[in-house]
Amino acid sequence: MKTKQIQNLDNFTGTILIPVFETNAKSIIPIEYHGISVPSKVFYGKKDTHYVVEKYDCTHIFIGLGKEIDYKSIKTIFRRISSKQKELFNKNLVVVLPNELKNEQVEALFSGLVLGTYNLGHYKKTEVHPFLTNDFVFQYIAKENLAEIISKGIKIAQAQLETFNLVDLPPNKVTPKYLADWATETGKKYGFNVTVFGKEKATEIGLHSFLSVGQGSAREPQFIIMEYNPANAKKHIGLVGKGITFDTGGLNIKTAGMVQMKCDMAGAGAVLGAMQLIADLQLPYRVTAIVPACENSVDATSFLPSDVINSYSGHTIEIIDTDAEGRLILADGLSYLIKNYQPETVIDLATLTGSVVGTLGYECAGLFTNNDDLSKKLQNSGSQIGEKLWQLPLWDDYKGDIDSEIADVKNYSGKPVAGAISAAKFLEFFTEKHPSWAHLDIAGVAFGDSEFSKTKHATAYGVHLITKFIENL
Ligand code: BES
Ligand code: ZN
Ligand code: ZN
């Protein structure tokens, strides 16, 4: 995908997208562009409306933005046009950018157009979206040269599309090995180092808790380590993403919602997408990311409820419920990251609990941290780009929920209350009192319904949030 600034519409034929801020329903001044006059009676820029005029071999689409528009809404409007009216883009395209459009809004607009190329029908014969054909050029008319901003918008969407694929593809395709190979190839392409530990190496170094979860699966667990370390690095950030490629619940087998559990690697998907984007944007920060990837399966070799297992940290864990597996692989991911890399800030992302969905629904992720500054920075970054977070408590009053009589900790309280909080307390136990750690429970926001398909699908929540957070440091 390329970009090209053009000065005017002389000799242009094709589709012209004209975003318009809202004027007034009763305005007597029509919206004028390219010799077309749109009376305010039929169109005055109201949000989520559009108006089409065919003239001079051009399809003019006036797109209403409302009086003010946030990042996410602008992205959705342009994703909608790109996704639902592909046929308009089989010819030349030019976007006419109004002067009032801020740089981030231009970024969101182009991100939306590129996201609109996504098609959930991975295993169906479908036509390729025109933007994905070779050498597609996004032409634009603007007062200034916006090539860099537009190209950033495209890069953000390209990383999010990768995460869409990783999360939406089925678990017989996206295995732990698939995630490891994706990381290796993407690292080569964008410039970060990738090391993968298979079962043998993981056993040798003592990733016991991680290995316990994967031991009932025919698919080998993969512990993926990614290191992006540019010469001009300012700070060191550590990331961990839950990479359960399918969660059956294990022997505590799920009785509801199992069919959606291919999404249980969405934390990994977010971390992998964010690594691509951070490297693609060449952000001047050192980032070390860990993705413990395995499948939680049912087998004679599966771990058992009441097993006591060891962990990389040396702490022992009593297994109360094999369905509380995410925290077990994250425990080793966090310990390994903190012990071997000492990042200044550590953030983990995980589809960790049904409880967070019960608490916050599908609109925002649960945020857990003891660091107020980190909390504010994450929430601010999220609200800039429309990925919301809401902080939930981590008080020690909840610590009793994970006290075990036989081992150092247990993986589940056994009580149907405050599940997202006790899960976070469990993770906290393995962060060795790191002063700047945050846990994002993304179970409600990573995979959901939208206008873009009939079944639940990936949202790529976290890819842009993490990148934006690092950019804002
Ligand atoms: N993967 C699930 C959490 C989940 C729920 C993700 C809904 C996406 C959507 C997790 O491993 C799990 O099973 N959690 C249990 C824990 C319980 C057994 C302690 C839960 O929250 O019900
Ligand atoms: Zn589970
Ligand atoms: Zn899970």
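Can you name the residue in the range 409-431 that is surrounded by 17 or more Cβ atoms within 10 Å (Cβ to Cβ) and part of a loop (DSSP other than H, G, I, E, B) and, of all such residues, is farthest from ligand 2 (Cβ to nearest atom)? Can you show your working first?
Within the range 409-431, the subset surrounded by 17 or more Cβ atoms within 10 Å (Cβ to Cβ) is 409-413, 418-431.
Among the residues that remain, those that are also part of a loop (DSSP other than H, G, I, E, B) are: 411-413, 418, 430-431.
Working: Asn411: 10, Tyr412: 10, Ser413: 15, Ala418: 17, Phe430: 18, Thr431: 21 Å.
Among residues in the range 409-431 that are surrounded by 17 or more Cβ atoms within 10 Å (Cβ to Cβ) and part of a loop (DSSP other than H, G, I, E, B), the one farthest from ligand 2 (Cβ to nearest atom) is Thr431.
Would you confirm whether any residue within the range 230-237 is among the charged types (D, E, K, R) and farther than 18 Å from Leu283 by Cα?
Of the residues in the range 230-237, the ones among the charged types (D, E, K, R) are 234-235.
From the residues that got through so far, the ones that are farther than 18 Å from Leu283 by Cα too are none.
There is no residue in the range 230-237 that is among the charged types (D, E, K, R) and farther than 18 Å from Leu283 by Cα.
At negative phi, under 19 Å from the mean Cα position of the chain (by Cα) and either outside any helix (DSSP H, G or I) or more than 16 Å from ligand 3 (Cβ to nearest atom) (or both): which single residue out of Ser381, Ser335 fits that description? If you could, list the steps in order and put the result at the bottom.
Details: Ser335 fails: under 19 Å from the mean Cα position of the chain (by Cα).
The conditions single out Ser381.
Before we move on, is Lys47 surrounded by fewer than 17 Cβ atoms within 10 Å (Cβ to Cβ), at pLDDT 90 or above, in contact with a strand residue (DSSP E or B) (Cβ under 7 Å, 6 or more places away or on another chain) and over 23 Å from Arg79 (Cα atoms)?
Numbers: surrounded by fewer than 17 Cβ atoms within 10 Å (Cβ to Cβ): yes; at pLDDT 90 or above: yes; in contact with a strand residue (DSSP E or B) (Cβ under 7 Å, 6 or more places away or on another chain): yes; over 23 Å from Arg79 (Cα atoms): no.
Answer is no for this residue.
State whether one or more residues within the range 299-309 are touching an Asp or Glu at 6+ places or on another chain (Cβ under 9 Å), surrounded by fewer than 24 Cβ atoms within 10 Å (Cβ to Cβ), of a type in the set (S, T, N, Q) and more than 22 Å from Pro170 (Cβ to Cβ).
Quick first cut of the range 299-309, residues touching an Asp or Glu at 6+ places or on another chain (Cβ under 9 Å) only: 303, 305-309.
Checking the rest, the ones that are also surrounded by fewer than 24 Cβ atoms within 10 Å (Cβ to Cβ) come to 303, 305-309.
Restricting the remaining residues to those that are of a type in the set (S, T, N, Q) gives 306.
The next check asks that each one be more than 22 Å from Pro170 (Cβ to Cβ); those that pass are 306.
Looking for residues that are touching an Asp or Glu at 6+ places or on another chain (Cβ under 9 Å), surrounded by fewer than 24 Cβ atoms within 10 Å (Cβ to Cβ), of a type in the set (S, T, N, Q) and more than 22 Å from Pro170 (Cβ to Cβ), one finds at least one in the range 299-309, hence yes.
Report, by residue number, each residue of the range 367-389 that is touching a Gly at 6+ places or on another chain (Cβ under 8 Å) and either within 14 Å of Thr467 (Cα to Cα) or surrounded by 18 or more Cβ atoms within 10 Å (Cβ to Cβ) (or both).
Of everything in the range 367-389, those that are touching a Gly at 6+ places or on another chain (Cβ under 8 Å) and either within 14 Å of Thr467 (Cα to Cα) or surrounded by 18 or more Cβ atoms within 10 Å (Cβ to Cβ) (or both) turn out to be Glu387, Leu389.
Working carefully through the options Lys234, Lys262, find the one that is at pLDDT below 95 and either on the phi < 0 side of the Ramachandran plot or of a type in the set (Val, Ile, Thr) (or both). It would help to see each step written out before you state the result.
Working: Lys262 fails: at pLDDT below 95.
Sole residue among the options that is at pLDDT below 95 and either on the phi < 0 side of the Ramachandran plot or of a type in the set (Val, Ile, Thr) (or both): Lys234.
Inside the range 210-230, can you point out the residues that are in contact with a Ser or Thr (Cβ under 7 Å, 6 or more places away or on another chain) and either within 18 Å of Asp299 (Cβ to Cβ) or free of Cβ contacts under 8 Å to residues at least 60 places away in the same chain (or both)?
Answer for the range 210-230, where residues must be in contact with a Ser or Thr (Cβ under 7 Å, 6 or more places away or on another chain) and either within 18 Å of Asp299 (Cβ to Cβ) or free of Cβ contacts under 8 Å to residues at least 60 places away in the same chain (or both): Leu211, Gln215, Gly216, Ser217, Arg219.
Taking the range 263-291, which residues are surrounded by fewer than 24 Cβ atoms within 10 Å (Cβ to Cβ), charged (D, E, K, R) and either touching a strand residue (DSSP E or B) at 6+ places or on another chain (Cβ under 9 Å) or not in a helix (DSSP H, G or I) (or both)? I'd like the intermediate steps shown before the answer.
Going residue by residue through the range 263-291, those that are surrounded by fewer than 24 Cβ atoms within 10 Å (Cβ to Cβ) are 279-286, 288.
Then keep just the ones that are charged (D, E, K, R); that gives 280, 286.
The answer is Arg286, and nothing else.
Would you check which residues across the range 292-309 are assigned to a strand (DSSP E or B), within 16 Å of ligand 3 (Cβ to nearest atom) and out of contact with any Lys or Arg (no Cβ under 6 Å at 6 or more places or on another chain) and list them? Even if it seems obvious, please write down each step before you answer.
Step one: filter the range 292-309 for residues assigned to a strand (DSSP E or B), giving 292-296, 308-309.
Now narrow it down to the ones that are within 16 Å of ligand 3 (Cβ to nearest atom): 292-296.
Selection gives Pro292, Ala293, Cys294, Asn296.
For the range 278-321, which positions are more than 19 Å from Thr345 (Cα to Cα) and among the hydrophobic types (A, V, I, L, M, F, W, C)?
If the condition is that a residue be more than 19 Å from Thr345 (Cα to Cα) and among the hydrophobic types (A, V, I, L, M, F, W, C), then Leu281, Ala293, Cys294, Val298, Ala300, Phe303, Leu304, Val308, Ile309, Ile317, Ile319, Ile320 are the ones that fit.
Taking the range 432-450 on its own, how many of its residues are assigned to a loop (DSSP other than H, G, I, E, B) and touching a Ser or Thr at 6+ places or on another chain (Cβ under 8 Å)? Spell out how you get there, then give the answer.
Filtering the range 432-450 for residues assigned to a loop (DSSP other than H, G, I, E, B) gives 432-436, 442-446.
Applying the additional criterion that residues be touching a Ser or Thr at 6+ places or on another chain (Cβ under 8 Å) yields 432, 436, 442-443, 445-446.
The number of residues fulfilling the criteria is 6.
Within the range 245-256, is even one residue surrounded by fewer than 20 Cβ atoms within 10 Å (Cβ to Cβ), out of contact with any Ser or Thr (no Cβ under 7 Å at 6 or more places or on another chain) and part of a helix (DSSP H, G or I)?
Checking the range 245-256: not a single residue is surrounded by fewer than 20 Cβ atoms within 10 Å (Cβ to Cβ), out of contact with any Ser or Thr (no Cβ under 7 Å at 6 or more places or on another chain) and part of a helix (DSSP H, G or I).
Take Ser313 and decide whether it is within 22 Å of Ser212 (Cβ to Cβ), within 16 Å of ligand 3 (Cβ to nearest atom) and assigned to a loop (DSSP other than H, G, I, E, B).
Values: within 22 Å of Ser212 (Cβ to Cβ): yes; within 16 Å of ligand 3 (Cβ to nearest atom): no; assigned to a loop (DSSP other than H, G, I, E, B): yes.
No.
The values are calculated or read from the model by the stated rules, or taken from the named source; none is laboratory data. Computed from a prediction, not measured in an experiment: that's the story for all the values here. When we count neighbours, we look across all protein chains shown, and the Cβ atoms used for this are built from the backbone with ideal geometry, even at glycine.
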